[in-house]
Amino acid sequence: MLLVFAPERHAHILQHLQRHRRATVSELANLLQTSESTVRRDLQELERARRLKRTHGGAVLQEHAAYEPTWQEKGGERTEAKARIGAAAASLVEDGDTVLLDAGSTTVHVARALQSRTLTVVTNSLVIADELAGDASKQLLLLGGELRPNTGAMVGPFTEQMLSQMHVDILFLGVNGMHDGGVTTPNVMEGATKRAMVRAAKHVVVVSDVSKVGQVSLVQVCTWDAVDTLVVDEGLDDPALNQALAGHGVRVVVARG
């Protein structure tokens, strides 16, 4: 398994620690087919991101590395910033569009900003479906699948099968982490569902507040070449991320207060 790019190595290191709880530098170097000095640099970066804790000769999983807050917990964080992001994201939608809304606390604000717009809305979020259920201007389609109570999201093979038969104009994608290698999420099934959403969309918009910058969760959703637009609440103070966005032609919309 020769992995050239750091984000790929980081994901495999975290997956290995998730399974085995600890690993040595030499063990990880053999697993990734890279040098021990490269592994040490990777472990330093992941420790700075609070995803693991380095030990003498290796690393252990930081207990909160794969922690995923509930949608209720996330809903109470940075609400003003998320409302600004929601309004800016909604301005990208034209009446008559088919809009796919991913589950997430930020996408809930996108849904609120789209109220009274004449649209077809597809979502895997029970929270968003509840927000829009009484809106007569919407044709609302709730995706089926397995419910994740932690996020209020429908995920899994049934959800992905439905998405495989769809073509939507625009997707608003929620994430738990974003870095120069792309966007990530803590849960394997939710990651697979998000990838199916990306495949179904003509235009992919990531919506995220800047607290997610530099965070690397367990599962890679997609790289920046699959994303058309990023809507954030502040300018990005991350040279590597800015370079990656520019290199892939990702439009950045800053929703300032």
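Checking residue 30 against (1) more than 30 Å from residue 113 (Cβ to Cβ); (2) at pLDDT below 90; (3) surrounded by fewer than 16 Cβ atoms within 10 Å (Cβ to Cβ): exactly one of these is not met. Which one?
(2)
Within the set of pairs 6 or more residues apart or between chains, which connect a residue that is on the phi > 0 side of the Ramachandran plot inside region 74-101 to a residue that is at pLDDT 95 or above and not in a helix (DSSP H, G or I) with Cβ atoms less than 6 Å apart?
Listed pairs, sorted by first residue: none to list.
Quick grid of which residues meet (1) touching a helix residue (DSSP H, G or I) at 6+ places or on another chain (Cβ under 6 Å); (2) surrounded by 20 or more Cβ atoms within 10 Å (Cβ to Cβ); (3) under 23 Å from residue 52 (Cβ atoms):
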| residue | (1), (2), (3) |
| --- | --- |
| 144 | yes, no, no |
| 170 | no, yes, no |
| 177 | yes, yes, yes |
| 187 | no, yes, yes |
| 191 | no, yes, yes |
| 195 | no, no, no |
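Taking residue 74 and the conditions (1) at pLDDT below 95; (2) over 18 Å from the mean Cα position of the chain (by Cα), which numbered condition does it fall short on, given that it satisfies the others?
Going through the list (1) at pLDDT below 95; (2) over 18 Å from the mean Cα position of the chain (by Cα), residue 74 breaks only (2).
What tally of residues in region 150-166 results from selecting those that are part of a loop (DSSP other than H, G, I, E, B), over 17 Å from the mean Cα position of the chain (by Cα) and without any contact (Cβ under 8 Å) to a residue 40 or more places away in the chain?
Here is the first cut: in region 150-166, the residues part of a loop (DSSP other than H, G, I, E, B) are 150-152, 156, 165-166.
Pick out the ones that are also over 17 Å from the mean Cα position of the chain (by Cα) and you get 165-166.
So of that shortlist, the ones also without any contact (Cβ under 8 Å) to a residue 40 or more places away in the chain come out as 165.
Selection size over region 150-166: 1.
If the requirement is being of a type in the set (Gly, Ala, Ser) and in contact with a helix residue (DSSP H, G or I) (Cβ under 8 Å, 6 or more places away or on another chain), which of these qualifies: 240, 255? Explain how you work it out, then say what you get.
Details: 240 fails: in contact with a helix residue (DSSP H, G or I) (Cβ under 8 Å, 6 or more places away or on another chain).
Of the residues listed, the single one that is of a type in the set (Gly, Ala, Ser) and in contact with a helix residue (DSSP H, G or I) (Cβ under 8 Å, 6 or more places away or on another chain) is 255.
State yes or no: is residue 183 farther than 22 Å from residue 15 by Cβ, touching a strand residue (DSSP E or B) at 6+ places or on another chain (Cβ under 7 Å) and part of a strand (DSSP E or B)? I'd like the intermediate steps shown before the answer.
Working: farther than 22 Å from residue 15 by Cβ: no; touching a strand residue (DSSP E or B) at 6+ places or on another chain (Cβ under 7 Å): yes; part of a strand (DSSP E or B): yes.
So residue 183 does not fit the description; no.
Taking only pairs six or more apart or across chains, which ones have beta-carbon atoms under 9 Å, a first residue in region 226-249 that is under 16 Å from residue 78 (Cβ atoms), and a second residue that is of a type in the set (Asp, Glu) and modelled with pLDDT under 95?
Hits for this filter: 232/209; 233/80; 233/209; 234/209.
Return the residues of region 173-203 that are hydrophobic (A, V, I, L, M, F, W, C) and within 16 Å of residue 103 (Cβ to Cβ); say none if nothing qualifies. Give the steps one after another, and end with the answer.
Step one: list which residues in region 173-203 are hydrophobic (A, V, I, L, M, F, W, C), which gives 173, 175, 178, 183, 188-189, 192, 196-198, 200-201.
Result: 173, 175, 183, 188, 189, 192, 196, 197, 198, 200, 201.
Filtering region 107-134 down to residues that are among the polar types (S, T, N, Q) and at pLDDT below 95, which residue is surrounded by the most Cβ atoms within 10 Å (Cβ to Cβ)? Show your work before the answer.
Taking region 107-134 and keeping what is among the polar types (S, T, N, Q), we get 107, 115-116, 118, 120, 123-125.
Applying the additional criterion that residues be at pLDDT below 95 yields 115-116.
On the way: 115: 14, 116: 9.
Among those residues, the one meeting the criterion is 115.
Out of all the residues in region 214-230, which are more than 11 Å from the chain's Cα centre (by Cα) and surrounded by fewer than 21 Cβ atoms within 10 Å (Cβ to Cβ)?
Answer for region 214-230, where residues must be more than 11 Å from the chain's Cα centre (by Cα) and surrounded by fewer than 21 Cβ atoms within 10 Å (Cβ to Cβ): 214, 225, 226, 228, 229.
From the list 130, 169, which one is assigned to a helix (DSSP H, G or I) and in the same structural domain as residue 219 (by TED's automatic domain parsing)? Lay out the reasoning, then the answer.
On the way: 169 fails: assigned to a helix (DSSP H, G or I).
From the options 130, 169, the qualifying one is 130.
Can you name the condition, by its number, that residue 95 falls short on among (1) buried (at least 23 other Cβ atoms within 10 Å of the Cβ); (2) part of a loop (DSSP other than H, G, I, E, B)?
(1)
Does region 12-19 include one or more residues that are surrounded by 14 or more Cβ atoms within 10 Å (Cβ to Cβ), touching a Gly at 6+ places or on another chain (Cβ under 9 Å) and not assigned by TED's automatic domain parsing to the domain that holds residue 176? Before the answer, list the steps.
Of all residues in region 12-19, those surrounded by 14 or more Cβ atoms within 10 Å (Cβ to Cβ) come to 12-18.
Now restrict to residues that are touching a Gly at 6+ places or on another chain (Cβ under 9 Å): none.
No: zero hits.
The values are calculated or read from the model by the stated rules, or taken from the named source; none is laboratory data. All of these numbers come straight from a predicted model, not from anything done at the bench. Backbone-built Cβ (ideal geometry, glycine too); neighbour counts: all protein chains shown.
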